[in-house]
Amino acid sequence: MKYSVMSNKELNIQNTDGIKVSGYSNAWFKSQRRAVKEATDNALKQAGAEYDLLINGTIEMEYKVLYIRYRVNGTAYKSSDLINKYGKVGFEKWKKEKTIFDRNEIASE
């Protein structure tokens, strides 16, 4: 299963495991949801194809003359590394306790 998430809660994960990333998307006529999804995808692409979690993320809006730029910043992680480190049960428990943004859910709404 392929998914990406972003959490807005502080976590007990060592920052040495993650990569600071930033991505953006310009919204002329597309929806805000689609622009945020693209910005999240672009941020995760900076870290590499196997990175699928964006933790301690922020979403910023920059108003330009003809469009709005959505910028997503955060720390990218591999969920497989976190599962190996904390176990599948620990990882699933963590996901249930946090407010998580799933880019796939936002794109479908």
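The values are calculated or read from the model by the stated rules, or taken from the named source; none is laboratory data. The shown structure was predicted, so the numbers you read here are calculated from the model rather than taken from an experiment. Cβ: placed from backbone, ideal geometry, glycine included. Neighbour counts: every protein chain shown.
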- Within region 62-72, identify whether any single residue is assigned to a strand (DSSP E or B), closer than 11 Å to Val21 by Cα and either among the basic types (Lys, Arg) or modelled with pLDDT of 80 or more (or both), and answer yes or no. yes
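Anything in region 64-84 that is exposed (fewer than 13 other Cβ atoms within 10 Å of the Cβ) and either touching a residue at least 12 places away in the same chain (Cβ under 8 Å) or touching a strand residue (DSSP E or B) at 6+ places or on another chain (Cβ under 8 Å) (or both)? List them, or say none. Break it down stepwise before answering.
First, pick out the residues of region 64-84 that are exposed (fewer than 13 other Cβ atoms within 10 Å of the Cβ): 64-66, 84.
Across region 64-84, the qualifying residues are Lys64, Leu66.
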Reported set for region 1-52 where residues are outside any helix (DSSP H, G or I), closer than 27 Å to Tyr86 by Cα, among the polar types (S, T, N, Q) and modelled with pLDDT of 85 or more is Ser22
